There are 4 protein chains.
Amino acid sequence: MRGNTFGKLFSITTFGESHGSALGVIIDGMPAGVNFEPTKLQEELDRRRPGRLKETTARNEADKFEVLSGIFEGKTLGTPISIIVRNTNQKSEDYSKDMYRPGHADKTTELKYGHRDYRGGGRASGRETLTRVIGGYFAALIIPQTDFMARITQIGTKQFASELNFQESNESKLGLSEAKFDDEISNYLLDLKKDGNSIGGKVTLKIYQPPIALGEPSFDKLKADLAKAMLSIGSCVGINFGIGEDFTIKTGKEITTEQSNFGGIEGGISNGDTIVMTLSFRPPSTVGQKAKEGRHDPCILPRVLPVVESMAKIVIADHFLRQNAYQI
Amino acid sequence: MRGNTFGKLFSITTFGESHGSALGVIIDGMPAGVNFEPTKLQEELDRRRPGRLKETTARNEADKFEVLSGIFEGKTLGTPISIIVRNTNQKSEDYSKDMYRPGHADKTTELKYGHRDYRGGGRASGRETLTRVIGGYFAALIIPQTDFMARITQIGTKQFASELNFQESNESKLGLSEAKFDDEISNYLLDLKKDGNSIGGKVTLKIYQPPIALGEPSFDKLKADLAKAMLSIGSCVGINFGIGEDFTIKTGKEITTEQSNFGGIEGGISNGDTIVMTLSFRPPSTVGQKAKEGRHDPCILPRVLPVVESMAKIVIADHFLRQNAYQI
Amino acid sequence: MRGNTFGKLFSITTFGESHGSALGVIIDGMPAGVNFEPTKLQEELDRRRPGRLKETTARNEADKFEVLSGIFEGKTLGTPISIIVRNTNQKSEDYSKDMYRPGHADKTTELKYGHRDYRGGGRASGRETLTRVIGGYFAALIIPQTDFMARITQIGTKQFASELNFQESNESKLGLSEAKFDDEISNYLLDLKKDGNSIGGKVTLKIYQPPIALGEPSFDKLKADLAKAMLSIGSCVGINFGIGEDFTIKTGKEITTEQSNFGGIEGGISNGDTIVMTLSFRPPSTVGQKAKEGRHDPCILPRVLPVVESMAKIVIADHFLRQNAYQI
Amino acid sequence: MRGNTFGKLFSITTFGESHGSALGVIIDGMPAGVNFEPTKLQEELDRRRPGRLKETTARNEADKFEVLSGIFEGKTLGTPISIIVRNTNQKSEDYSKDMYRPGHADKTTELKYGHRDYRGGGRASGRETLTRVIGGYFAALIIPQTDFMARITQIGTKQFASELNFQESNESKLGLSEAKFDDEISNYLLDLKKDGNSIGGKVTLKIYQPPIALGEPSFDKLKADLAKAMLSIGSCVGINFGIGEDFTIKTGKEITTEQSNFGGIEGGISNGDTIVMTLSFRPPSTVGQKAKEGRHDPCILPRVLPVVESMAKIVIADHFLRQNAYQI
């Protein structure tokens, strides 16, 4: 009831403060007998890791995970999978008890609980997202035929192709939809960092070959659950399905049938076509950085991509199991 | 698990197909001893009613409600409140078994269940939203100090003031943020209707004086639950908090502290300031209307306003009770 | 969160006070396309009906149900099924505002809510159980191969065969496991009634041919969920699985393997064998009856049998869907 | 949905196999700012520890816990508390892949998942109960005025006083309600152990000074949730509230008002008086012990007492928060 669990039949329950002993996740609802490949999970975690790119944050933690339960002889047991990642590189002196960083949870955490771990972002730290990536790794194993692709399609005023191309975008080390802009954006981010400034942008997510008939007709429409999943990411400030702004200015006759489905959702339920959405992210708060030499990103978009994909994987896997339950 | 319940401590469970006997809602989690005023509930329902405006739909149902339980001597009992609204004006001949209206749930309902009530939108009909308005009426009684105001700030390419003004916008019978555009928009919608065409637009929602400390730091951030609530409305295709698009193009230094809070949410938790969001709605599908003389709106925005407010009321009331639970 | 919903994937949400307009139930999670037979549902309701037997209560209501949603052309739609039963025969003058019947919820309802419908048992009335019987009817359709049989095996100090025999016990109009005792017990109950007295007893429930692998290894053991289901029935004061008292006095070596499984549950999970449990019921409170001429039973056991079977059906159907969800 | 979470507003989510790396628990819903005393938690864990008594099991593990999150500067943060206990003393050679111990989950786990950790009881091991004791420790902090006392009132055919006396029973190192029988029972258990035999019995639980108005009138009656909690303990085969068997043989007039409330529950809701229940436990299965030299108890009752108390603490704390939520 305190919002630390996400998902119903496939769920993740996460815990951990950024400056406590460890972060962790319990994956509940993983079917039994599925192969677990530790190196693939590590790869996913490394995509999210701070310090991977010189353009982003300086906090360089290994994020080595330890499996505590739920796996035996390389396969899932069907019992809860518990995985923890130790916190090894905290510099709590970067923070102070009386500093409330604007736009962060510092003040509201104090309002809510009256007692907080002031050494960092606590529960609301971006570091919490590593537990989501672990969850996403397992979720994807439930729906192996479905591909998830999140790419940066806008940073500040610079826009990149919204038509995602696997090959081209995979070459971008920043996760841009067009690799050829890597150098330009890299320099732009380094300049912002030097200046103590920051920038937001947009991420386009495509879900290829989703199972059909996922989502429920009333409150748990697939778009509703995807929206909650994405807006639960700290810096995400908006989500728009399909053609976005065009939905509000074009007349009904100007919108094609395919467009009106957002590619793949009709009446809240997937029809099997590719699902498309665009997420807006705000720039990281800069005020706290002035006060103390923090280790924050000028732009969180490159690191947020695996988190976006993971949340989508969890939603789709969960709804897949929900739909499967009633096929008797 | 089939998504017919929304909310945790304050919840609504809804039922009913558009062409069945009745629609209804169970409100669970309503505190006891609260005054129930039937005329006020009827007023809220009337705001949503089709046929209220000549510019919109022709389906003119009275939407008279009946209370089956949970109220005694004019006060809530603390037990589940059940309220139904009979369907009295269905014209099922407007629809046919083999017609799948694009963008509607017709085809996906068939995919999902293999058996559907083809006489109308069934469970996914816009008519279902009246049950949400009933839920919203009761939710608001839990948080009487909080005001909710949804107004149309864009229809097609025409934009209206995003700074909402109670007095001015209350004069607009269409629910525009600026009443002076009523005639112009009224004519525009009548033309679209005549032409079998339709239009979408934007709605701005403001939540004034919300309780502080609502929302949870991880998955149940207030913005996440509001996003789910809004995207569970059929035609809603996007949500953007605070300054919207500006978040993606301005640098961190260009964004004021107040803006970065979306007015009132920091780290997913309310700080007591006004909460602001903008919702995008697509135009109603026009293809089905060509095939048969349906009774659909050229624009659902005027009628969606009480639904938007109601979903917000339910989210805020639910989180208020959640937060209250832990104040021991 | 106020405990008006039971079940997870197959759930019933119930509402209604004994002296309000109606009682009702929403069945959520019913698979689509299943035949609904109104006469069979009515038969189940009639088994529970007060006034059916002269030995029990005098309140004689027809309990005619009305389907509001979820059924179309004689088949389930997969959407929530809502069914109501109007209250037609309330005699609220039997009760008074200031009377707290001991052992009933009168006083605790007042303590809990501060406002109650004093005209009868309100939400906690035995009449609420008719909504469970409706839920049980649908649950059974999900697991057609499984049989549920509840029979009275003890009334007061009189014991009947605990080995249930379908043919013999079906001949008992009181629901005794041995029909030959019907007259004796009938006279005994009429004497108690005349005397303003009451009696409890025991019910044995057998679940034949349950699906295998139902129940979860930790908190949602099948025996745990069955126990909750049964103890949620007002007068039920105890549940014992398998050989009951013998478990506490025999040594491990004296208990056969089959006995230690309660017939069919090992480690909380069904193995396919018949599941056996015995329920204890206390006599209805007699104090209130002295004060006013109520219409209560001297013994609720004959009428509780379909309620016991229905709660078991809901538990088994729910766990069946839960297990089915993970078979991918 | 796989039953690894118990509780709604105060919940524990547990994980871990008996022969995996660690067992653990996430406590969610703990209010912030409450003092945590590690030594008191260790004391509770030690009461449950195998090997504490020579009469019981030989498995002697330290059960040292590690707090991973949710505590800062000696106080709860309001965020999820995660605590793990490493497995250090597993002897997996005691078990074999093809051995299904009767009455255990071995066979049904295989049926359910098709893949199991055959080195021990896996998820269904009695060792899992240590996570419940951790949860109970925190639950008790929410309701400090309430006392929980579970004592052994029967072992085999030997009965002890059912009127619990704190001072007298605290002197019993076996947890008997009468300390004077310690030597006799100790010798009896040692004989059973030598003989490869085992015994069950009964535990009486009293809840002193529970908060009033806990429990809901329909499915979540306090007795229903307590029954589920207790029957989720592996060896528990029955629960009887109040005067137990006497409820089934005495007439309504023979039962006093206080008795009919089980001491403290009317209509499913607590009235503030002491709540009383008796639990039946079967003897541990003896068949597996013949096959291999296991390390199992001849009698689990002495060790189950803190588990029984802990489950009751969790139920009461959870319902306390639920009731508190609606006091606005």
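The values are calculated or read from the model by the stated rules, or taken from the named source; none is laboratory data. Bear in mind the structure is a predicted one, so any value in this text is a computation, not a measurement. Reconstructed Cβ throughout: ideal geometry from the backbone, glycine too, with neighbour counts over all protein chains shown. Accessible surface is based on the protein model in full, side chains and every heavy atom, while ligands, DNA and RNA are left aside. Shrake-Rupley method; radii C 1.70, N 1.55, O 1.52, S 1.80 Å.
Values computed for the structure shown
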item	result
Among residues of the range B:262-282, those that are assigned to a loop (DSSP other than H, G, I, E, B) and open to solvent by 10 Å² or more (accessible area, probe 1.4 Å), counted	7
Matching residues in the range B:6-25 - criterion: being facing chain C (nearest Cβ under 7 Å), of a type in the set (A, V, I, L, M) and closer than 22 Å to residue B:230 by Cβ	B:9
Sole residue being surrounded by fewer than 23 Cβ atoms within 10 Å (Cβ to Cβ) and over 28 Å from residue B:130 (Cβ atoms), chosen from B:193, B:221, B:173, B:250	B:250
Residue, surrounded by the most Cβ atoms within 10 Å (Cβ to Cβ), within the range D:137-160, restricted to residues that are within 14 Å of chain C (Cβ to nearest Cβ) and touching a Phe, Trp or Tyr at 6+ places or on another chain (Cβ under 8 Å)	D:155
Top-ranked residue in the range B:133-145 [being assigned to a helix (DSSP H, G or I) and of a type in the set (A, V, I, L, M); ranked as nearest to the chain's Cα centre (by Cα)]	B:133
Some residue of the range A:234-242 being over 30 Å from residue B:155 (Cβ atoms) and either modelled with pLDDT under 90 or crowded, with 24+ Cβ neighbours inside 10 Å (or both)	yes
Qualifying helices (runs of 4 or more DSSP H) (wholly inside the range C:175-254; at least 1 residues being touching a Cys at 6+ places or on another chain (Cβ under 6 Å) and farther than 26 Å from residue A:32 by Cβ)	C:182-194, C:222-231
Filter pass, residue B:39 being polar (S, T, N, Q) and surrounded by fewer than 19 Cβ atoms within 10 Å (Cβ to Cβ)	yes
Test: residue in the range B:135-149 that is closer than 18 Å to residue B:275 by Cα, of a type in the set (Asp, Glu) and modelled with pLDDT of 95 or more	yes
From A:288, A:264, residue being more than 22 Å from the chain's Cα centre (by Cα) and at pLDDT below 95	A:288
Residues satisfying the stated conditions in the range B:28-44, i.e. within 17 Å of residue B:307 (Cβ to Cβ) and either facing another protein chain (nearest Cβ under 9 Å) or free of Cβ contacts under 8 Å to residues at least 60 places away in the same chain (or both)	B:42, B:43
Residues satisfying the stated conditions in the range A:244-260, i.e. hydroxyl-bearing (Ser, Thr, Tyr) and at pLDDT below 95	A:256, A:257, A:260
Those residues of the range D:146-174 which are part of a loop (DSSP other than H, G, I, E, B), more than 18 Å from residue D:303 (Cα to Cα) and of a type in the set (S, T, N, Q), in sequence order	D:146, D:157, D:162, D:165
Hits in the range C:114-149 (condition: over 25 Å from residue C:31 (Cβ atoms) and of a type in the set (A, V, I, L, M, F, W, C))	C:124
The range B:193-242: number of residues that are under 15 Å from the mean Cα position of the chain (by Cα) and more than 7 Å from chain A (Cβ to nearest Cβ)	12
Considering residues of the range B:101-132 that are part of a helix (DSSP H, G or I), surrounded by 24 or more Cβ atoms within 10 Å (Cβ to Cβ) and among the hydrophobic types (A, V, I, L, M, F, W, C) only, the residue farthest from the other protein chains (Cβ to nearest Cβ)	B:130
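Okay, residues lined up against (1) in contact with a helix residue (DSSP H, G or I) (Cβ under 9 Å, 6 or more places away or on another chain); (2) free of Cβ contacts under 8 Å to residues at least 60 places away in the same chain:
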{"site": "A:166", "(1), (2)": "no, yes"}
{"site": "A:172", "(1), (2)": "yes, yes"}
{"site": "A:176", "(1), (2)": "yes, yes"}
{"site": "A:182", "(1), (2)": "no, yes"}
{"site": "A:186", "(1), (2)": "no, no"}
{"site": "A:190", "(1), (2)": "no, no"}
{"site": "A:197", "(1), (2)": "yes, no"}
{"site": "A:204", "(1), (2)": "no, no"}
{"site": "A:213", "(1), (2)": "yes, no"}
